[in-house]
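Single-structure report; data block below.
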Amino acid sequence: MRKAFLLGLFLLATLLSAATLEVLWMGWPKDQVMPLIEEFQKQNPGVEIDIQLVPFGQLFQTIEVRLSSGGGTPDVYIVDGPNTASYAARGYLLPLDDFFSTQEKAAWFPSSIVAGSYRGKFYSVPYGTSSAGLFFNKEIFEKYGVPLPEESLDARMTWDEVAELAKRLTIDTDNDGRPDIWGIVIEQIDRPYLLFPLAQSLGAQVLSPDGLTATGYITSEKFVEAATFYWKLFNEWKVAPQGVNDSAIAREYFGTGKAAMLLGNEWNIVRLLKYPEIRFGLSPFPIFPGGTAVTPTGSWHVGINSKTKKQELALKFVKYITGKEAVIQWYLANGVAPARPDVYEALPEIFMHPMWQMFLQEMKTTAVTRPLTPGYSQYELILREAFNSIHYGAPPKQALEDAAKKIDRELSKYK
Amino acid sequence: MFRSNRAGWFFILPAFVFLGLFKIVPIGVSVLESLRQTTYTGRSYFVGFENYTYLFFEDPTFWNSFWITLIYSLVVNPLIILIALVMALLLNENRFFTKFFRTVFFLPTAISFAVVSVIWSVVLDPHYGLANGFLTLFGLPAQPFFASTAQALWCLVFLNVWRSAGYWMMYFLAGLQNIPESLYQAADIDGASAWTKTRKITLPLLSRTFAFVLVANTAFNFLTFAPVYIITKGGPRGSTNLLMYESYKSAFVNLDMGRASAITTILLGIILIFSLFEFKWTKAGFEY
Amino acid sequence: MMRRYKKPLVLAAEFVLLTAISLFFILPILWIVASALRPSGPLYTYANPLTLQTFFPTTVTFDNFVHIFKNLHFGRALLNSLLVAVATIAISVLICSMAGFGLAKFAFRGKNLFFFIVLITFMVPFESIVIPLFVLVKRLNIDNTYFALILPAAGNGLAIFLFRQFFSEVPTEILEAARIDGASWIRIFRKIILPLSIPAIVTVIVMVFMFQWNSLFWPLIATHSSRFEVVQVAITAHRSTEDTSWANLFSSAIAGSLPPVILFFFLQKYFVRGISGTGLKG
């Protein structure tokens, strides 16, 4: 009797635990995330999604600590695209090739599948993607008699043209010696994400093909040339404000008419609605004269813990949350670009908008994924510090050479 | 002082168990980690003092961070303590406004360091923030604050004073209550001035509280991390790259636990050395 | 007991000085409060140039507060943090005051070692012990419970250090007299030491409360279910690399700072001369 009771209890416990899935998620607003989770629970009675929303500032540390202590949880976790290689190399991610057919994978942009793969295996399912372009404030252009840039991919401006515009539109309205309108503000001033395309447009490679050497790549003549241009924006022409290293603040500058142009992500289409007073246009991501068009891309992915004890349920959840229906809902709630072309087709009233069409075209033709390396987070942080220093006036060549040395030391452990 | 192993251990035992388990074991692991290196796959091996020798003799950033941390602490420590002490002395007696001002001074402490950092990053915006609004109102030129290699570290000092002075004031207030009223009455009869009373009675009898605040504040400030992480990321150009931020980067970005632990162990050593001097200086010795 | 009152002029000077200091503390907070009470909009509109509106909004709305409580369940986070803080205080005050007494009034083997341990516990950054601590908490099988948030914070070196400093001020002769009268150590601790140390106890209550109230990283590691979400996690989540919701951030930061302020406001009445320590010092 007692034995049977205990056995029953044990069975009940396993049943209960089998039906709970631990999910570590990015700290997006609850009122945006929870409806999606509740919908899944409704579709799968008896399943509980135990979701943790981790603020961005603590997200990567939390993932590191939770995964490095072992134990198979969280079962499912959010992965910043470029971190796929790092987690995969350390065995934290379940290879997904057996569970996603080629046909299924075709639902996503090819660049997103590349970003979710490492050494030929598919590890993290795309949840969103991104693109970037040059937003401009029509009123400022008109007020100061500067012709508006053409909002077309065929009229992609060169960086030299952008610099000229920025110089004309950096304006000291009250004559106190400091600009009151800046020519251009860069969203996320030191993020390699936004700055790689400058160098890539000149033909530079940003990391060796095996992903383990930076010297000779970020120190190449082309890369330094791009970084020098960046340096000039802040230090020689002084057309961009220093020290704006927050996306929301950069948008604030642009949205309140304190900057004529904003080099920023596609999400600004939605987020600039907070500033109903400005009329803005969108020009494609600029290139250097004679260079090739390159745009940044990539965003969040979803991965499954390689040690999960609830693989089947985890897969079910991942397929749900990255599936068409959920991503449509997610876009409507949050506004980050979907990584699935079918979502764009499903919402024509939104995505037929010329700005979205421009970004969509960029994603399909000019998008270049960030380099695939198990040491991406180290590489990115060091490069970020270098870009930060450069924008504050450090000599670009020296800053990049120092950074390359540090990066190579960090990456050597993956050899 | 009572000589009794049994009574002594009886009183410290519960705390000893909690501290031993949840603090000393992890600290021990961390210190031992500083003698090891870990491969990216998680295998770790003993390397002796290699992490330390690398920091001391080869690391390109360690000494810069070391000096910055030292300067920062040497400025911010006395500043916070001085302001906290003055505030506590001004608010020690119960008058109609005492409660109000005490609470106002305590307000910033009720906001976490992370949120305080976000607030000050926007207040000190290099171009349009509240602080620059003030400066222009008074006809002064706007300042770059965190966007300047010359000002960023002092902005960190400023931020820390704003956030912490009220907190340490509380300890001084508590300590002041231990000073017997009779001493002041005696001094009053002798016609002593307020300054004399402060110097001859208050400060000497506050020495134990003073030692506490000095040592605790030293440790807190050497371990400053949140504002660097949230506002400056060590910049501009390395000017706010405090040791804790270097350690954090090693631990959670570079996956180099050896270097991270070596840095925090060095910090522990520095704090201990400072504390020793502080105990000596305040004569509130290690042993009474 | 009566003391000579200060001259009105001195009092006025002190008042002016205090007002000046308090402006330094309160102006940024006033701006945050004003921003939270305004309908959400651009951040810097009222910050620069500076006007009276910077600190006193013309249209006041509580929508931002309603939103965080109604749609983002901020109340749940407040309750969690409150529960964790109160439970930690209960354990902490007891064990830390005992240890402080042990250190202040007894000579015993291992005392210096213990004091050394007490000191280094607050000299090591939490970030460097988080991984071993998490492994330990998992091994004790208390991860994802309130215990994981409470127990590791219960032993507080800073609190022990503070109690030690304060208990040292209690004259040993009183304790000796009580011993001669046959009082046990526990009785002495309860009936003499603790009643004489109200300011110290109050300070430790605030200290431990603040420590738990402001913790952010450990709760994220130690618990993962949303039902354990604590207040700082709920506040910090409003800021990310893609966007920052200033209205939500500011209103939750204000709501989240009220409990510690209220606690301090009511407990500070114990920081009044004459309540304890009267004439005890030799």
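The values are calculated or read from the model by the stated rules, or taken from the named source; none is laboratory data. A quick note: this is a predicted structure, and the numbers were derived from the prediction, not measured. Neighbour counts are summed over all protein chains in view; Cβ atoms, including those assigned to glycine, are modelled from backbone coordinates with ideal geometry. Note: areas computed on protein heavy atoms with side chains; ligands, DNA, RNA excluded. Shrake-Rupley method; radii C 1.70, N 1.55, O 1.52, S 1.80 Å.
Screening residue C:19 with (1) open to solvent by less than 80 Å² (accessible area, probe 1.4 Å); (2) at pLDDT below 90 gives one miss only, at (2). Among the residues making up the stretch C:113-128, those that are open to solvent by 10 Å² or more (accessible area, probe 1.4 Å), within 7 Å of chain B (Cβ to nearest Cβ) and either in contact (Cβ under 8 Å) with a residue 60 or more places away in the chain or assigned to a helix (DSSP H, G or I) (or both) are C:117, C:120, C:121, C:127, C:128.
When the stretch B:132-161 is filtered for residues that are within 7 Å of another protein chain (Cβ to nearest Cβ) and crowded, with 23+ Cβ neighbours inside 10 Å, the ones remaining, listed by number, are B:132, B:146, B:147. Among the residues of the stretch B:269-283, those that are under 17 Å from the mean Cα position of the chain (by Cα) and touching a residue at least 12 places away in the same chain (Cβ under 8 Å) comprise B:270, B:271, B:274, B:275, B:278, B:279.
Does residue C:257 count as crowded, with 23+ Cβ neighbours inside 10 Å, among the hydroxyl-bearing types (Ser, Thr, Tyr) and more than 13 Å from the chain's Cα centre (by Cα)?
No.
Results for (1) in contact with an Asp or Glu (Cβ under 8 Å, 6 or more places away or on another chain); (2) modelled with pLDDT of 95 or more; (3) not polar (S, T, N, Q), shown as yes or no for each residue.
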site	(1), (2), (3)
C:109	no, no, yes
C:159	no, yes, yes
C:162	no, yes, yes
C:166	no, no, yes
C:172	no, no, no
C:192	no, no, yes
C:218	no, yes, yes
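Of the residues making up the stretch B:88-108, one or more are open to solvent by less than 50 Å² (accessible area, probe 1.4 Å), of a type in the set (Val, Ile, Thr) and in contact with a Leu (Cβ under 7 Å, 6 or more places away or on another chain).
If the condition is being facing chain B (nearest Cβ under 9 Å), part of a helix (DSSP H, G or I) and of a type outside the set (Phe, Trp, Tyr), then the stretch C:15-55 contributes C:17, C:18, C:19, C:21, C:22, C:26, C:27, C:28, C:29, C:32, C:54. Any residue that is modelled with pLDDT under 95 and either under 30 Å from residue B:236 (Cα atoms) or of a type in the set (A, V, I, L, M) (or both) - is there at least one of those in the stretch B:7-19? The answer is yes, given that some residue of the stretch B:7-19 is modelled with pLDDT under 95 and either under 30 Å from residue B:236 (Cα atoms) or of a type in the set (A, V, I, L, M) (or both). The residues of the stretch B:64-99 that are part of a loop (DSSP other than H, G, I, E, B), in contact (Cβ under 8 Å) with a residue 12 or more places away in the chain and among the polar types (S, T, N, Q) amount to a single one, B:92. For residue B:107, the test of being without any contact (Cβ under 8 Å) to a residue 40 or more places away in the chain and closer than 16 Å to residue C:27 by Cβ is failed.
Could you tell me whether the stretch C:85-93 includes any residue that is in contact (Cβ under 8 Å) with a residue 40 or more places away in the chain, more than 23 Å from residue B:222 (Cα to Cα), of a type in the set (S, T, N, Q) and open to solvent by less than 20 Å² (accessible area, probe 1.4 Å)? Checked the stretch C:85-93: at least one residue is in contact (Cβ under 8 Å) with a residue 40 or more places away in the chain, more than 23 Å from residue B:222 (Cα to Cα), of a type in the set (S, T, N, Q) and open to solvent by less than 20 Å² (accessible area, probe 1.4 Å).
The criterion of at least 1 residues that are at the interface with another protein chain (Cβ under 9 Å from one of its Cβ atoms), open to solvent by 10 Å² or more (accessible area, probe 1.4 Å) and touching a Lys or Arg at 6+ places or on another chain (Cβ under 8 Å) is met by the following helices (runs of 4 or more DSSP H) wholly inside the stretch C:169-235: C:172-180.
Within the stretch A:78-122, the set of residues being away from chain B (no Cβ under 14 Å), in contact with a His (Cβ under 9 Å, 6 or more places away or on another chain) and outside any strand (DSSP E or B) comprises A:81, A:84, A:112, A:115, A:116. Among the residues of the stretch B:222-281, those identified as assigned to a helix (DSSP H, G or I) and within 9 Å of chain A (Cβ to nearest Cβ) are B:229, B:230, B:231, B:232, B:248, B:249, B:251, B:252, B:253. Does residue A:394 qualify as being open to solvent by less than 20 Å² (accessible area, probe 1.4 Å), out of contact with any helix residue (DSSP H, G or I) (no Cβ under 6 Å at 6 or more places or on another chain) and among the hydrophobic types (A, V, I, L, M, F, W, C)? So residue A:394 passes the test. Being crowded, with 23+ Cβ neighbours inside 10 Å, small (Gly, Ala, Ser) and in contact with a strand residue (DSSP E or B) (Cβ under 7 Å, 6 or more places away or on another chain) is a property that residue C:154 lacks.
Within the stretch A:317-336, the only residue that satisfies the criterion of being surrounded by 17 or more Cβ atoms within 10 Å (Cβ to Cβ), aliphatic (A, V, I, L, M) and modelled with pLDDT under 95 is A:336.
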